[in-house]
Amino acid sequence: MRNKKKTLPKYPGALLIQPFLPDASRGSGSSKQGAQKQKAHGRDKFAEPEHDPLAPPGIPAWVEGLKSVKHAAPGDAGDRQKTKAVEKYLFPDPGMVRPKFYENWLRSRAAWVWRANQTELPPTLISPSLWRECLFYGLATGQSTLRPDNTNQFEKVKKLAAAFNLNLDDKGNLGVPGAREFPQTARDMRLLWRDRQVRKKEDGSLEDEVVREMLWELYEISFRMELRGLDRELSMAQGWEDIIQREEMVNRCFAGGDADSFELSPPVIPISNAGLASDELEDRGPYIVALARLMARWAVGKPKIVEDLAFSPKLSKDDLAKLESAVASLYCQAFYDHRARAPLTPHRIK
Amino acid sequence: MTALDAKVAAFIGDSVVTSPNEDYIPEVPTGTAEVQLRADLRFGPDDASLWPQPYLENYPFLPLIPRKPNNPENYKMIMWWLPGAEEFRASEGLHVGGVGFIAGANFDRLDVEVHKLKGMTREFTDKVKSEDIPRFVNATYATMIHCWVRLAHSPGTFEEKCLEVSEVQRAWLEHWAVMDYYKGRQRMMETRTEPPSGPIKQTVGCFTASIDVAQRCFVAGIPVWLIRDYRVLLGGRVRVDRQVDFTTVASCLELGKRRGVNYPVVYSGRRDDERRYTEQHGFMRSRLVWRNPWEGGEDTWKMGETGLMSVTRSLKDLEAHPTRVVRSGAKMRDHPCEK
């Protein structure tokens with residue numbers, strides 16, 4: 001079923017931008033065509049994964065914000081272009097990482113985190129299918145099974161490695177061209193999580209606690225990097241002083257973000273729900289406000305409440321709850337509008 | 001002895017360079033500056049941590065950068081350490097060949113000095129109202145910490161880690177100079193009339209053609225070299241103790257290129273332009289900035305037929321600010337290091 005598209009009046013030299021249309025003309029929620037396209041590749045990415053007891057719980061305002069993303073009406077300029085685009089990710093979408101990939105992700109995550117934090121080259125985004133190949137063959141695990149015989153996959157990964165300024169050798173290992181080789185040691189072969197040897201269950205699967213934390217980290221690290229990237233673009237940050245200041249503002253949206261030694265990526269695994277994911281609204285307050293202040297400079301249409309409350313010296317509980325919903329919805333909508341896919345949102349650790 | 005007198009003097013063309021408080025005269029680099037990282041990952045004679053620079057009113061702390069000690073046991077010596085290949089370790093659990101960290105006794109020494117200076121800064125800032133903390137203290141402190149966090153926590157290639165070591169060292173030296181300036185030297189420059197008794201501070205010092213600057217440095221115990229027309233000596237009112245040859249850049253500094261790496265020229269032009277210094281910072285700071293993978297090329301899907309982006313806008317907002325978000329998608333924003 002196609003929605004009949006409402007168009008803006010065509011005046012000569014009229015609006016140079018194609019705005020998203022009011023609600024009536026836009027698909028609303030995950031039941032519409034835009035979402036169905038994203039569903040076609042698997043799960044509905046605008047909804048929380050179902051029936052996975054180890055998946056980290058969503059934060060209600062963010063679950064709702066994601067669900068209420070308004071999709072581009074079929075046929076408009078943005079939508080036509082979007083259908084040709086491939087969704088790409090900096091880190092694997094946690095909804096796509098199947099249990100069979102868990103171990104390879106744990107073994108390779110340090111390499112991917114390293115790549116994502118590089119400053120020399122923009123880190124390359126990777127399509128879900130290529131992520132699957134990388135995880136399936138155990139790229140950057142020290143135990144890669146990718147060989148030149150796997151011609152198509154090998155060539156694809158080799159191209160990816162070149163985009164990272166890395167070589168892919170015939171044993172499927174990545175390396176810095178011309179760099180000194182370090183022999184792999186038994187210590188390198190250990191399966192670690194948070195500097196601790198991971199124990200496996202009798203059926204060979206990983207401990208539940210490790211899986212839960214690993215999936216939380218995947219959501220969190222993607223959210224952090226996607227937020228930083230979107231802020232860079234929408235704040236139109238220019239010049240290194242401005243950019244560094246914006247990065248510091250992004251840091252303050254997370255627990256511990258005002259400390260000198262804070263690192264946005266990788267996130268520290270919290271022992272309890274913290275920051276935007278805190279259980280109590282009052283505890284989430286400073287981070288909601290930090291996010292609202294960050295968004296205040298975004299060159300997008302914002303709900304009035306964000307501009308009104310972001311810099312308000314004192315917020316009632318009710319105002320804070322409204323602000324939380326507004327920033328979560330605005331983030332999800334703005335991300336979708338600029339990246340043509342669902343954002344990965346913050347989750348609770350338990 | 002006054003600021004205009006010469007413990008030593010050396011001649012260049014029609015000029016004489018004199019110092020009232022030093023025993024040698026460093027070569028005054030001339031001609032167009034081509035500022036570029038050298039084999040030791042410093043900027044050669046354009047590096048304020050290696051060689052005296054022309055005094056810059058906007059950066060008055062630069063002459064207070066500590067001088068490389070003669071005594072190899074001096075704790076500040078670590079600020080000129082360049083890591084060797086044997087100090088590079090693979091990053092455990094990161095399965096990419098040639099990526100790792102710098103480690104070992106030298107790294108530990110650097111770690112200690114960074115944390116000592118961090119503590120000294122906290123002690124200083126705790127005593128001052130936050131709005132009264134000089135902006136250079138905050139800026140150079142933040143740079144030192146950012147550089148340190150990256151060096152200590154982010155794996156990289158050997159070359160990247162060596163460069164990060166030199167950036168931490170330069171940031172430490174500059175922050176040290178800023179602290180020295182605000183903790184007392186500025187006051188000395190502004191209020192004293194006589195130089196301090198005893199040996200002068202072992203800092204890089206500065207060149208100047210300004211008698212006022214020479215006077216301020218002299219009374220604060222900062223090494224200074226005054227450049228004037230040689231005819232000032234003819235009146236017989238300037239005391240000259242000794243004529244010396246210039247201490248040449250080539251005899252003291254590494255000027256060769258880094259093997260296998262072609263670092264960009266970060267500034268080319270006049271030597272008295274402060275950009276010669278600020279562009280070095282720009283290069284360093286640009287390397288601290290994360291590159292946005294979604295910028296340029298990746299998001300062409302949202303270009304309409306006009307080549308312009310569509311963004312989240314309500315119609316009301318659009319009417320109120322019709323041009324606010326119109327940007328050409330064809331143009332990528334410059335990264336600071338590409339400016």
Using the charge dipole of the protein assembly as shown (Lys, Arg: +1 at Cβ; Asp, Glu: -1 at Cβ; taken about the Cα centre), state which of B:Ser19, B:Ser166, A:Tyr137 has its Cα farthest towards the positive end. A:Tyr137
What angle, in degrees between 0 and 90 and rounded to the nearest 10, separates the Cα long axis of helix B:158-180 from the longest principal axis of the Cα atoms of chain B? 50
From the C-alpha gyration tensor of the range A:140-227, pull out the three semi-axes of the equivalent ellipsoid (sqrt of 5λ each), sorted largest to smallest, in whole Å. 27, 19, 15
With +1 assigned to the C-beta of every Lys and Arg and -1 to the C-beta of every Asp and Glu, and no other charges, what is the dipole magnitude of the range A:101-180 about the Cα centre in debye, to the nearest 20? 100
Using the 10 angstrom Cβ neighbour count as an exposure proxy, how do B:Glu159, B:Glu274, A:Glu324 rank, fewest first? B:Glu274, B:Glu159, A:Glu324
Cα gyration tensor of the range A:216-339, axes a ≥ b ≥ c as square roots of the eigenvalues: rounded (a/c below 1.5), prolate (a/b > b/c) or oblate? rounded
Between the range A:235-292 and the range B:133-184, the alpha-carbon center distance in angstrom: 23
Would you mind checking the tilt of helix B:135-153 against the longest principal axis of the Cα atoms of chain B, expressed as 0 to 90 degrees and rounded to 10? 60
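Could you work out [θ]222 nm for the protein assembly as shown from helices alone, using -39500 (n - 2.57) per DSSP H run of at least four and dividing by all its residues? Round to the nearest 500 deg cm²/dmol. Numbers along the way, then the final one.
Values: 20 runs with 253 residues, N = 689.
Dividing the helical sum by the residues of the protein assembly as shown leaves -11500 deg cm²/dmol.
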Which ordering of A:Ser235, B:Ser130 is given by a fewest-first count of other beta-carbon atoms within 10 Å? B:Ser130, A:Ser235
Within straight-line cross-link reach of A:Lys314, aspartates and glutamates at Cα separation under 14 Å, skipping those fewer than 8 residues along the same chain: A:Glu282
Let me have the relative contact order for chain B, percent, based on Cα pairs under 8 Å that are six or more residues apart. 29
Among A:Lys67/A:Lys200; A:Lys200/B:Lys116; A:Lys171/A:Lys201; B:Lys127/B:Lys201; A:Lys88/A:Lys302; A:Lys100/A:Lys317, which pairs are too far apart, with a Cα-Cα distance over 32 Å? A:Lys67/A:Lys200; A:Lys200/B:Lys116; A:Lys100/A:Lys317
In the protein assembly as shown, what % of DSSP beta bridges are antiparallel (nearest 5)? 70
What angle do you read, to the nearest 10 degrees and between 0 and 90, between the alpha-carbon axis of helix B:105-126 and the longest principal axis of chain B? 90
With point charges of +1 on the Cβ of Lys and Arg and -1 on the Cβ of Asp and Glu, referenced to the Cα centre of the protein assembly as shown, which listed residue (A:Ser222, A:Tyr336, A:Phe262) lies farthest in the positive direction of the dipole? A:Tyr336
So for the protein assembly as shown, using the alpha carbon gyration tensor with a ≥ b ≥ c as root eigenvalues (a/c under 1.5 gives rounded; past that, a/b versus b/c decides prolate or oblate), I'd call it prolate
Rounding to the nearest 20 debye, state how big the charge dipole of the range A:216-339 is about its Cα centre with +1 on each Lys and Arg Cβ and -1 on each Asp and Glu Cβ. 380
By how many nm would the segment from B:Lys257 to B:Asp23 grow when fully extended, if each residue of separation counts as 0.36 nm and the alpha-carbon distance is taken off? 81.2 nm
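What percent do you get for the relative contact order of the range B:39-197 when only Cα pairs under 8 Å and 6+ apart count?
31
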Using a/c under 1.5 as the rounded threshold, could you call the range B:112-263 rounded, prolate or oblate? The axes a ≥ b ≥ c are square roots of the C-alpha gyration tensor eigenvalues, and prolate needs a/b larger than b/c, oblate otherwise. oblate
Please report how far the C-alpha centroid of the range A:94-136 lies from that of the range B:32-92, rounded to the nearest whole angstrom. 38
Normalised by the residues of the range A:216-339, what does the relative contact order come to in percent, with Cα pairs under 8 Å and at least six apart? 24
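Computed from the coordinates by the stated procedures, all read-outs in this text should not be read as laboratory data. Bear in mind the structure is a predicted one, so any value in this text is a computation, not a measurement. No Cβ is skipped: glycine too gets one built from the backbone with ideal geometry, and neighbour counts run over all protein chains shown.
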